[in-house]
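Chemist: Submitted below is the structure of interest, expressed as structure tokens.
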Amino acid sequence: MERAVLDKFIVHGGNRLVGEVSVSGAKNAAVAIIPAAVLCDEVCRIENIPQITDVADMLHILQEMGAKIRRINRSTIEIDPRPIQTYVAPYELVRRMRASSYLMGVLLGRFHRAVVAMPGGCYFGVRPIDQHLKGFSALGATYNLEGGMVDISAEKLQGNSIYLDVVSVGSTVNIMLAAVKAEGTTIIENAAREPHIVDLANFLNSMGADIRGAGTDEIKIRGCSYLHGTSYSIIPDQIEAGTYMVAAAATGGDVLIKNVIPKHLEAITAKLEEVGASVEEYDDSVRVSRTGGLNKCTVKTMAHPGFPTDMHPQMAVLLSIASGTSIINESVWDNRFQYVDELRRLGAQISVDGRLAVIEGVDHLTAAPVKATDLRAGVAMLIAGLCARGTTQVEEIQYIERGYEDIVEKLRSLGADIERVSVTEVPSVPKVI
Ligand code: EPU
């Protein structure tokens, strides 16, 4: 009989997080840089790759397409993309992750054709790709959407000016990936400025590309025909760092978060200081501690350098135990509030109106069984469990493992009482009378 494995995290709340933790390579940079290696005409070595399931899935996709992947050590791999002979990405694997949309840009760049399933990923309302397609069209491509697949082709890719109607990470990345192999110069206006956009540009430039302005809202890409091999190290994960910062503040702890770029954390640091935590910045680490109470605040999520939407659910947990009424205004995604029902199970008082969450701080949270509804919502439940009185079970942890390397080990090293248990459930069989 088939058995479903329902792994869970069990968290015994109440321990302050104290000690040091090292942040892994950035998920959202890795899932752009790994497919970008397909554009290389030689072998690429990529270091500081996080061991998370989104990365494993992306490597699996490239392997299925024919790339030779050699693991050098836990966080370093070499990719030889030369054996890839297909412009069709494997349907089932691609459907599982949002970043697989980047295969559109790289396959279009390399083969002038890409057949890729409509991407999956965490669901926070509609996740359109109209801006990606607008960019490809401006470069001279045409496309068809049929049977859940996008088929994009171009006889020739020609650089052009593209103004994005919304500031979008995915479309900025995808247009860069195709434009790097176009003839002439492409200008992306109203481009996203996230640290992983800069990291991708640096990676492509290290292979001989000519990309300027990444990190500003205007990126210029001068196309080139040959990209040579490179050795490149991915930046630290801004959101993983922010997650440990919030966890330290929420538990009244004292944590040195190492291997970070403090500049990337400024918006998070500002909000943590506003609610009463202390944040000390060093060259490549930050120390977050809290001894006093937590104050309310207002948070509006925005594209970088604003407060990151991917820190919204974690911040909601912190504000749930802050005194007074806090507000979170989610301005990036239509519906990032699926976690609210789960957080209410732990005693949080939150109401949602459109894109606003109004949080009345409570004295404490109380443990309950909850589930991860997406990656950041899931890690927010872990932070809530660390603060709550009693034992919290977090289910659907596959979401959390998409983006956090060694999360149990890292939290335990800080004194958290957390374990990962494998639960095997036998589905109930209807009685035949
Ligand atoms: N949008 C459009 N049209 C498009 C593309 C986007 O209208 O063609 C809209 C979206 O609906 C959304 C906004 O633009 O309202 C921003 O979307 P964006 O394209 O920036 O998001 P994404 O590229 O799909 C990445 C991250 C997300 C993160 C967002 C915003 C990756 C793999 N994913 O998604 O990260 O929330 O940017 O910063 O980089 C996560 O790591 O947990 C995660 C979900």
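Chemist: Residue under question is VAL126, and the condition is that it be near the ligand (Cβ under 10 Å from one of its atoms), farther than 25 Å from VAL55 by Cβ, surrounded by fewer than 21 Cβ atoms within 10 Å (Cβ to Cβ) and at pLDDT below 95; does it hold? Write out each step before concluding.
Modeler: Details: near the ligand (Cβ under 10 Å from one of its atoms): yes; farther than 25 Å from VAL55 by Cβ: yes; surrounded by fewer than 21 Cβ atoms within 10 Å (Cβ to Cβ): yes; at pLDDT below 95: yes.
When the stated conditions are applied, VAL126 passes them.
Chemist: Just to verify a result, which residue in the stretch 144-159, among those that are surrounded by fewer than 19 Cβ atoms within 10 Å (Cβ to Cβ) and assigned to a strand (DSSP E or B), is nearest to the chain's Cα centre (by Cα)? Don't jump to the end; show me each part of the working.
Modeler: Just the residues of the stretch 144-159 that are surrounded by fewer than 19 Cβ atoms within 10 Å (Cβ to Cβ), to begin with: 144-149, 151, 153, 155-156, 158.
Of the ones still in play, those that are also assigned to a strand (DSSP E or B) are 144-146, 149, 151, 153, 158.
Working: ASN144: 28, LEU145: 26, GLU146: 28, MET149: 23, ASP151: 26, SER153: 28, GLN158: 31 Å.
The extreme case among them is MET149.
Chemist: Select the strands (runs of 3 or more DSSP E) contained entirely in the stretch 315-417, then report the ones holding at least 3 residues which are closer than 17 Å to LYS300 by Cβ.
Modeler: On the way: elements: 325-330, 349-353, 356-360, 369-371, 391-395.
The strands (runs of 3 or more DSSP E) meeting that bar are 325-330, 349-353, 356-360.
Chemist: What tally of residues in the stretch 95-115 results from selecting those that are within 14 Å of the ligand (Cβ to nearest atom) and modelled with pLDDT under 95?
Modeler: Pass one, the stretch 95-115, residues within 14 Å of the ligand (Cβ to nearest atom): 96-105.
Next cut, modelled with pLDDT under 95 only: 96-101.
Going through the stretch 95-115 one residue at a time, the tally reaches 6.
Chemist: Sticking with this one: When you go through (1) touching a residue at least 40 places away in the same chain (Cβ under 8 Å); (2) assigned to a helix (DSSP H, G or I) one by one for VAL286, which number turns out not to apply?
Modeler: For VAL286, the failing item is (2).
Chemist: Among the residues of the stretch 77-94, are any touching a residue at least 40 places away in the same chain (Cβ under 8 Å), under 21 Å from MET149 (Cβ atoms) and not assigned by TED's automatic domain parsing to the domain that holds GLY403?
Modeler: Checking the stretch 77-94: at least one residue is touching a residue at least 40 places away in the same chain (Cβ under 8 Å), under 21 Å from MET149 (Cβ atoms) and not assigned by TED's automatic domain parsing to the domain that holds GLY403.
Chemist: Strands (runs of 3 or more DSSP E) wholly in the stretch 1-81 with at least 3 residues that are over 20 Å from the mean Cα position of the chain (by Cα) - which ones?
Modeler: Values: elements: 8-12, 18-22, 44-47, 68-73, 76-80.
Strands (runs of 3 or more DSSP E) meeting the threshold: 8-12, 18-22, 68-73, 76-80.
Conditions (1) within 26 Å of ASP237 (Cα to Cα); (2) assigned by TED's automatic domain parsing to the domain that holds ALA322; (3) in contact with a strand residue (DSSP E or B) (Cβ under 9 Å, 6 or more places away or on another chain), marked per residue:
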site	(1), (2), (3)
ARG345	no, yes, yes
GLN349	no, yes, yes
ALA372	yes, yes, yes
GLY403	yes, yes, no
ARG420	yes, yes, yes
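The values are calculated or read from the model by the stated rules, or taken from the named source; none is laboratory data. Because the structure is predicted, anything quoted here is derived from the model rather than measured. Note that we place each Cβ from the backbone using ideal geometry, even for glycine, and neighbour counts take in every protein chain shown.
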